[in-house]
Each structure stands twice: as structure tokens, then as C-alpha cells.
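Have a look at the structure below, then the notes.
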Amino acid sequence: AQKITQTQPGMFVQEKEAVTLDCTYDTSDPSYGLFWYKQPSSGEMIFLIYQGSYDQQNATEGRYSLNFQKARKSANLVISASQLGDSAMYFCAMRGHGSSNTGKLIFGQGTTLQVKP
Amino acid sequence: GAGVSQSPSNKVTEKGKDVELRCDPISGHTALYWYRQSLGQGLEFLIYFQGNSAPDKSGLPSDRFSAERTGGSVSTLTIQRTQQEDSAVYLCASSPLSTASWAGELFFGEGSRLTVL
């Protein structure tokens, strides 16, 4: 069975500072993909970044980077130089690639980030 | 349109009535997902369609919930004998996922907000 855990219900960060949002996962699949999505108060889901379990390097997309520690089963999102527009709910998600996995994507419970001016 | 379209955007119904929620995915996307999101909560997986494979129904909370996908395109989520705890936003997503591309991100619709009185 797969599981995604986000232990931080809410986080605050000062504008222009960096912030790390935690995500741990559990899976028995030999390979898998990890995703982060942003959901502003408007409700839309915005894809941020993807990390494959066999990728040699940590994924980066602009101000977003994924601190992937496979042995610890963690995939933390790092947002650098926070902006007011980063205030939103952030979801970590995973898709397993094993023979017993259909390929569904499961989500964590989310972390609400508030950026202070 | 170019994105995932869901209808209705809002639905208010009385307890015990049946409701149908529709999702029109992005053309050519083989994977289609339904999720449920209660206020301030994470995304709860409901069902996943992938091409001609049997759908993964493992997330459906009860036999009152069902979904179908006709012609590999439009999907309908049906909730029979609605209960107050069914009140939530129902999100549909599609992906160009194929067995050769597990990294396919999900593209979400704007959701159908269901309120059961």
C-alpha cells in the first residue's frame, strides 16, 4: 500500500526567505514518481515539480526544488525567495510503478503556507 | 476548450437524491481521475480510468458511488441517495499518461461543489 504523509498542517515564512515543506512516503513499488501541487484559495490545482525515484539529481523548476532523500523516503519541497503569491495549500503526491499498482496518484493531506510581508 | 471541463460547477441537493457530475477531459488524454476534497482537507482518491483497462475503483467510499467513462472520453460520477457527508468538491483530472510515460502530470478541472442539505 502507498501512503503520503505531510506533517505540517500550516507554515509561515517571511517574504523573500526560503521555506521547506515536508513530505514522507511509503511504498513497496520498485519505482515511483513524486509530485508537488499548489492550490491557491481560488481552488485550482497547479503542478509544480516532479521527481522520479531513479532520477540521479534532485528536480528543480525555477524557485522550486525537491530535496529527494530516497533512503529516508522523503521528498521535501523547497521554495526559495518566497513571494506573497506563494501563499496557498501545497500537496505532495505519489504514483507507484509496480506490477500491482494501477498507476493511480495519491495525495497527502496538504500544508497551508502563508507568506508574511 | 483546452482544459478539463466539469459540470455543474455547483450543485445543491436534498439528502436522499441522486446526483451526476460530469467531466470532459483534455482531448487525447488516456487517464482520468476523480478525487473528493472536503473543506480545507486533502484530495481523497475515488476512481481512476486508464485507457481500456479496468478502472481502479479502490477509493470509492461506498456502493452509492459509481463512475463510468464512455468512449474513453467523458466521465460521469454518480452518487446515489446522497448523504450530508457527501458534501465536498469533486475534482476531475486527466493525464496524457501512458505505460511509457509515468511522469505525466495531472491537469485538473475547476471542480464540482456538491452541497447536500
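The values are calculated or read from the model by the stated rules, or taken from the named source; none is laboratory data. Note that this is a predicted model, so its numbers are computed, not measured. Methodologically, a virtual Cβ is constructed for each residue, glycine included, from the backbone with ideal geometry; neighbour enumeration extends over all protein chains shown.
Yes or no, residue by residue, for (1) in contact with a helix residue (DSSP H, G or I) (Cβ under 8 Å, 6 or more places away or on another chain); (2) modelled with pLDDT under 95; (3) farther than 28 Å from residue B:92 by Cβ; (4) surrounded by fewer than 21 Cβ atoms within 10 Å (Cβ to Cβ):
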residue	(1), (2), (3), (4)
A:20	no, no, yes, yes
A:33	no, yes, no, no
A:36	no, no, no, no
A:45	no, yes, no, no
A:57	no, yes, yes, yes
A:62	no, no, no, yes
A:67	no, no, yes, yes
A:79	yes, no, no, no
A:111	no, no, no, no
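Please return the ranges of strands (runs of 3 or more DSSP E) entirely within the range B:1-80 where 1 or more residues are under 12 Å from the mean Cα position of the chain (by Cα) and β-branched (Val, Ile, Thr). Outline the logic, then answer.
Working: elements: B:5-7, B:10-13, B:19-24, B:31-37, B:43-50, B:65-69, B:75-79.
Fully inside the range B:1-80 and qualifying: B:43-50, B:75-79.
Filter the range A:46-96 for residues that are facing chain B (nearest Cβ under 10 Å) and within 21 Å of residue A:117 (Cβ to Cβ) and give the result.
Matches in the range A:46-96: A:89 only.
Give the range B:24-53 a look and list any residue that's of a type in the set (S, T, N, Q), facing another protein chain (nearest Cβ under 8 Å) and surrounded by 18 or more Cβ atoms within 10 Å (Cβ to Cβ), or say none.
Step one: filter the range B:24-53 for residues of a type in the set (S, T, N, Q), giving B:27, B:30, B:37-38, B:41, B:50, B:52-53.
Next cut, facing another protein chain (nearest Cβ under 8 Å) only: B:41, B:50, B:53.
Within the range B:24-53, just B:50 meets the criteria.
Residue B:9: among the hydroxyl-bearing types (Ser, Thr, Tyr) and either more than 20 Å from residue B:106 (Cβ to Cβ) or in contact (Cβ under 8 Å) with a residue 60 or more places away in the chain (or both), yes or no?
On the way: among the hydroxyl-bearing types (Ser, Thr, Tyr): yes; either more than 20 Å from residue B:106 (Cβ to Cβ) or in contact (Cβ under 8 Å) with a residue 60 or more places away in the chain (or both): yes.
Answer is yes for this residue.
Tell me, yes or no, whether the range B:82-91 has at least one residue that is without any contact (Cβ under 8 Å) to a residue 60 or more places away in the chain, surrounded by fewer than 21 Cβ atoms within 10 Å (Cβ to Cβ) and part of a loop (DSSP other than H, G, I, E, B).
Within the range B:82-91, one or more residues are without any contact (Cβ under 8 Å) to a residue 60 or more places away in the chain, surrounded by fewer than 21 Cβ atoms within 10 Å (Cβ to Cβ) and part of a loop (DSSP other than H, G, I, E, B).
Which residue is farthest from residue B:103 (Cα to Cα), if the candidates are limited to the range A:3-18 and must be of a type in the set (S, T, N, Q) and surrounded by fewer than 18 Cβ atoms within 10 Å (Cβ to Cβ)? Walk me through how you get there before you give the answer.
Looking only at the range A:3-18, we keep the residues that are of a type in the set (S, T, N, Q), and these are A:5-8, A:14.
If we keep only those that are surrounded by fewer than 18 Cβ atoms within 10 Å (Cβ to Cβ) too, we end up with A:5, A:7-8, A:14.
On the way: A:5: 20, A:7: 25, A:8: 26, A:14: 33 Å.
Filtering the range A:3-18 for residues that are of a type in the set (S, T, N, Q) and surrounded by fewer than 18 Cβ atoms within 10 Å (Cβ to Cβ), the one farthest from residue B:103 (Cα to Cα) comes out as A:14.
Can you name every one of the strands (runs of 3 or more DSSP E) wholly within the range A:10-117 that holds 2 or more residues which are under 27 Å from residue B:112 (Cβ atoms)?
On the way: elements: A:10-14, A:19-21, A:24-26, A:32-39, A:46-52, A:64-69, A:74-79, A:88-96, A:105-107, A:111-116.
It comes to A:32-39, A:46-52, A:88-96, A:105-107, A:111-116.
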